[in-house]
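S.K.: The structure's right below; bear with me while I get my questions together.
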Amino acid sequence: MTTDSTAHTPTDGQAGDEPAAEPGGGMTRRAFVQWLGAGLLVTVAPLPAAAQPRRPRGGGGTGKIAARVHIGKDGTITVMTGKVEAGQGARTELAQAAAEELGVPADRVQLIMADTDRAPDDGVTAGSRSTPSTVPAVRQGAAAARDVLIQLAAARFAIDARGVRLADGKAIDPASGRQADYGELVGENSDVPFAAAVPPGVTVTAVKEWKVMGRPTPRAGRRDLVTGAHRYPSDIQRPGMLYGKALRPPAYGARLKSIDMEAAKAAKDALAVRDGAFVGVAAPTLRAAEQALDAISRTAAWEEAPALPSSAELYDHLRRHARGGVPANPFADELAKADKKLTATYHVAYVQHAPMEPRAAVAEWNDGKLTVWTGTQNPFGARGELMSAFGLGADKVRVIVPDFGGGFGGKHQPDAHIEAARLAKAAGRPVLVRWTRAEEFTWAYYRPAAVIDVQAGLDAQGTLTSWHFVNVNSGGAAVESPYRIAKSRSQYVPSASPMRQGSYRCLAATANNFARESAMDELAVAAGADPLDFRRAHLDNPRLKAVLKTVAEKFNWAARSGKKDPRLGVGLACGTEKGSVVAACAEVAIEGDRLTVRHVCEAFECGAIVNPTNLLSQVAGCILMGLGPALREEMQFEKGRVLNATFWKYGVPRFTDVPELDIHLLNQPDQTPVGAGETPIIAIAPAIANAVFHATGRRIRTMPIRLAAEGKGY
Amino acid sequence: MDATILLTVNGKQRKVTTDPQRPLLDVLREEFQLTGAKFGCGEGRCGACTVLVNGQAVHSCLTPIANVQGKSVVTIEGLATGEKLHPVQEAFLAEEASQCGYCTPGMVLATVGLLARTPQPTDEQIVAALDGHLCRCCGYTNILKAVRRAAQPAGRG
Ligand code: FES
Ligand code: FES
């Protein structure tokens, strides 16, 4: 028994309501039900505005927050969501959410994710929104399904609904001992009468009653990952499928002047396609496609764009192009009066997500309908891009996103989807396009580079009196200071990025925290205060204070920060973003120009913990991934040509980089669960920079943090 | 000029007529539909494409098909015996060593290769054997735990 049925009111009176919009972009509800087989369908969509004139729109009821739960005649429970799984654990978490409400173990729930014909549009899988938005939507949908099951059982047993109990996929009448499993209950009552909109006030299980959520739950589908059975987007194979490649310019901004498409004939059975600016080839094997591409690219003549910047002058370029100029400090008078002042500029390089699976898509045309399998965090966005590229309606494009090999914010635009579709259209056969690592490093987008100016002043007591913080180019995430400062302004100013830039795990929050937490350290030194005490003295946020306290205790900050050793330093940083809070301590070892992170202790809190197993993986993954941009990762380019587009030259973290890791997860059952796959990354780089200062007295204000002079740090 | 190559894949005799320089990875994936070996870089720097050739872990992305003439190749699909997983696969499951799982086949096969040579590796030996393998989900700590677990004789858990 996992839910107390007496606490819930079964749904009623809404069985005839149709959802606001057709699910799955045009598939009718009837067809939808047929596809799943007869069963109970509950649509979690806000009612059309007209049907609920007085109900206030709570929590962003845009009509897009939708999830669906299906209970089959055979008792199978299926949850449909537009969210994707790329290793971050959404599949497992959403299964837990539905299982909790339906009184079954998590592995009884299957998910259909990110299939635009079959799942609702739950938006982009980004910004840690799955936990705070989609989990509640699925819980409410499952809770509504549960209430309908209770009603069905009450009718069947001819008892009051309050007497029905649900346990392990069965409804029970405790008085008579009669039982009926969910499949039996819906079997007789399939289809129309049971399609109901989720009532706004449906009761979900309280955190303290959780039996499935909040428990360590192994990853859904994990067996297929260790056997190789799972098919990632790049593994999809269709009958008669060809392998495709797109021609790339030699440098950013270069335009194709001429090319000999006939040269593709050098490769057996190859086909070459030119369609506007797109040039590509397809052939029965990848090798033949590579040869064909090589042959035509030798004949290509290009016109290069004038004066593209190089990474060496990137920061000057960004500053020069700050939109409206870099704003002046509005607290200049305050600063002039300050007892101690800090004026500093911090730089953060472009970095690449480098997911293990590069961009890939298989496209197939059938009777004018296009189906694309691809790895993207934005399945409905990808469908829209295909619709406009080919002038098709929503019912003519289907995007399916198999669980894919990593995103980290880097696959909002899948890119390969349109390339594959163009080639497949010309070839009249399905085509797979899988990007190479060099393409991924060069033509996918980067985390934005940043130039950040900080000016701050302290009074004679060491209290911050003014703060002016300007982020040029990288973004406004976590730009606001969590510290109490009488006069404070933090701003983001866009610039003209010379390279393609986009999202990334926690986006600008990393750059902003690097600058802010480094500056706070510098100010603590100026104030003659311990960095921990200095932060605490300026903090009100109790959750942030709690993670700081935890990390300081577990790391033994007081004792370790008191030691002076030029080869060993400790540093501290904290921050908050997307509703969660994090604090980290790092210990670094220094030998000449060599910087090694030896120990990282991090405390993290993201509300009520949904899946401790996955949370731990996410936090550890964030810390280790964060080591890369902190220590080494940096896209280097010269006049629009990327210089380090390989894993040899672009040093992502490896086993040898793994420090001693010490992670403390604080559970806050009273706080709504929020996402956890991003924020744990933001404290690591500043903690390292501060540790370097602690050991050496050198303040390094650039990420990657390098001891050697520019260009010598690898 | 195409050549005909004979090899054993997961215990079965296979024959392929193709460009002898074509990478083993492409042949496994495209001709034999064995997509368990992954493309990660094509440059020998990520380990996603790792398979066993005569028991040794190799990068199939850099191995021309002609080089495995007459040899025995084992891919991730060939590791389990029916429904029974290989102990290394079991260890990866037990330690939650996969996030997206794209690196997992390569990691598992590299571990099988390592334990065949060194049944009781030290942590240094494990790191040395796996350092050519990337996990961008950065699940390195759980992967290390899985390798240690797999290295322990049953019952010493
Ligand atoms: S794909 Fe072979 S080593 Fe990366
Ligand atoms: S689990 Fe995603 S790359 Fe290793």
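Each value in this text was obtained by applying a stated rule to the coordinates, not by laboratory testing. Worth saying up front: this structure is predicted, and the values here are computed from it rather than measured. Positions of Cβ are generated from backbone atoms using ideal geometry, with glycine treated the same way; all protein chains shown enter the neighbour counts.
S.K.: State the antiparallel share, in %, of DSSP beta bridges confined to the protein assembly as shown, rounding to the nearest 5.
M.R.: Details: 97 of 130 bridges.
Among the beta bridges of the protein assembly as shown, antiparallel pairing accounts for roughly 75 percent.
S.K.: Which residues' amide hydrogens lie under 5 Å from the amide hydrogen of A:Q88, considering only partners 5 or more residues apart or on another chain, with H built in the peptide plane?
M.R.: Excluding prolines and chain starts, which carry no amide H, there are no hits.
S.K.: Can you list the residues, at least 5 places off or on another chain, whose amide H is less than 5 Å from the amide H of A:G675, using H built in the peptide plane?
M.R.: Residues meeting the criterion, in which the H sits 1.01 Å from N, are A:T131.
S.K.: Still on this structure, I have one more. Neighbour counts of other C-beta atoms within 10 Å: give me A:R505, A:R500 arranged from fewest to most. Mind showing how you got there, number by number?
M.R.: Working: A:R505 26, A:R500 13.
Going from sparsest to densest Cβ surroundings: A:R500, A:R505.
S.K.: Would you work out the charge dipole size for the protein assembly as shown about its Cα centre, treating the Cβ of every Lys and Arg as +1 and the Cβ of every Asp and Glu as -1, and quote it to the nearest 20 debye? Before the final figure, lay out each step's value.
M.R.: Working: 99 positive and 89 negative charges, 161 e Å.
Using Cβ point charges on Lys, Arg, Asp and Glu, the protein assembly as shown gives about 780 debye.
S.K.: With n ≥ 4 as the cut-off for DSSP H runs, can you work out [θ] at 222 nm for chain A, using -39500 (n - 2.57) per run divided by the number of residues, rounded to the nearest 500?
M.R.: Values: 17 runs with 192 residues, N = 714.
Using -39500 (n - 2.57) per qualifying helix, the result is -8000 deg cm²/dmol.
S.K.: What is the Å³ per residue value for the convex hull set by the Cα atoms of region A:80-154?
M.R.: Values: hull volume 6.3 nm³, N = 75.
Per-residue hull volume (Cα only) is 84 Å³.
S.K.: Between B:P23, B:L62, B:T50, whose Cα lies farthest towards the positive end of the dipole of region B:3-76 when Lys and Arg beta carbons carry +1 and Asp and Glu beta carbons carry -1, centred on the Cα centre?
M.R.: Value computed over the given set: B:T50.
S.K.: On average, how much area does the Cα convex hull of region A:405-453 cover when viewed from any direction, in nm²?
M.R.: 4.7
S.K.: Of the GluC sites (Glu not before Pro) in region B:48-157, which ones lie in a loop per DSSP and count no more than 13 other C-beta atoms within 10 Å? It would help to have the intermediate numbers written out before the result.
M.R.: On the way: sites: B:E77, B:E83, B:E90, B:E95, B:E96, B:E124; in loops: B:E83, B:E95, B:E96.
Listed in order of number, the matching sites are B:E83.
S.K.: Here's another thing I want to ask about it. Which value in nm describes the separation of the simple spin-label points at A:D181 and A:A328, placed 7 Å from the Cα toward the beta carbon?
M.R.: Roughly 7.6 nm, to one decimal.
S.K.: Quick one: order B:I143, B:I126 by neighbouring beta-carbon count within 10 Å, fewest to most.
M.R.: On the way: B:I143 29, B:I126 22.
Going from least to most buried by this count: B:I126, B:I143.
S.K.: In angstroms, what radius of gyration and Dmax does the protein assembly as shown have, counting Cα atoms only?
M.R.: 28.2, 84
S.K.: With the cut-off at 18 Å, tell me which of the pairs B:K15/B:K71; A:K487/A:K545; A:K340/A:K487; A:K211/A:K578; A:K341/A:K487; A:K83/A:K411 have Cα atoms farther apart than that. Before the final figure, lay out each step's value.
M.R.: Values: B:K15/B:K71 12 Å; A:K487/A:K545 22 Å; A:K340/A:K487 15 Å; A:K211/A:K578 26 Å; A:K341/A:K487 14 Å; A:K83/A:K411 13 Å.
The answer is A:K487/A:K545; A:K211/A:K578.
S.K.: On to the next question. Based on other C-beta atoms within 10 Å, arrange A:V124, A:V326, A:V610 from fewest to most.
M.R.: Values: A:V124 19, A:V326 16, A:V610 28.
Listing A:V124, A:V326, A:V610 from fewest to most nearby Cβ atoms yields A:V326, A:V124, A:V610.
S.K.: Same structure, new question: When only DSSP loop residues count, what GluC sites (Glu not before Pro) in region A:440-524 have their Cβ near at most 15 other Cβ atoms within 10 Å?
M.R.: Details: sites: A:E440, A:E480, A:E517, A:E522; in loops: A:E480.
Listed in order of number, the matching sites amount to none.
S.K.: On to the next question. Once Lys and Arg get +1 and Asp and Glu get -1 on their Cβ, which of A:G187, A:A573, A:G89 lies farthest toward the positive end of the dipole of chain A?
M.R.: A:A573
S.K.: For region A:397-552, report the translational diffusion coefficient in µm²/s to the nearest whole number, using Stokes-Einstein at 10 °C, 1.306 mPa s, and a Kirkwood Rh over Cα pairs.
M.R.: Values: Rh = 18.9 Å.
It comes out at roughly 84 µm²/s.
S.K.: What residues have an amide H closer than 5 Å to that of A:M241, excluding those fewer than 5 places away on the same chain, when H is modeled at 1.01 Å from N in the peptide plane?
M.R.: Counting only residues 5 or more places away or on other chains, the set is empty.
S.K.: I've got another one for you. For region B:3-76, what are the per-bin percents of Cα-Cα distances with bins 5 Å wide, up to the bin holding the maximum?
M.R.: 4, 19, 32, 30, 13, 3
S.K.: For q = 0.14, 0.19 Å⁻¹, what log10 I(q)/I(0) does chain B give under the Debye formula with an equal point scatterer on each alpha carbon and no solvent?
M.R.: For chain B, the Cα-only Debye profile gives -0.66, -1.14.
S.K.: Quick check: convex hull of the Cα atoms in region B:87-155, volume per residue, rounded to a whole Å³? Present the calculation step by step, with values, prior to reporting the outcome.
M.R.: On the way: hull volume 5.1 nm³, N = 69.
Output value, Cα hull per residue: 74 Å³.
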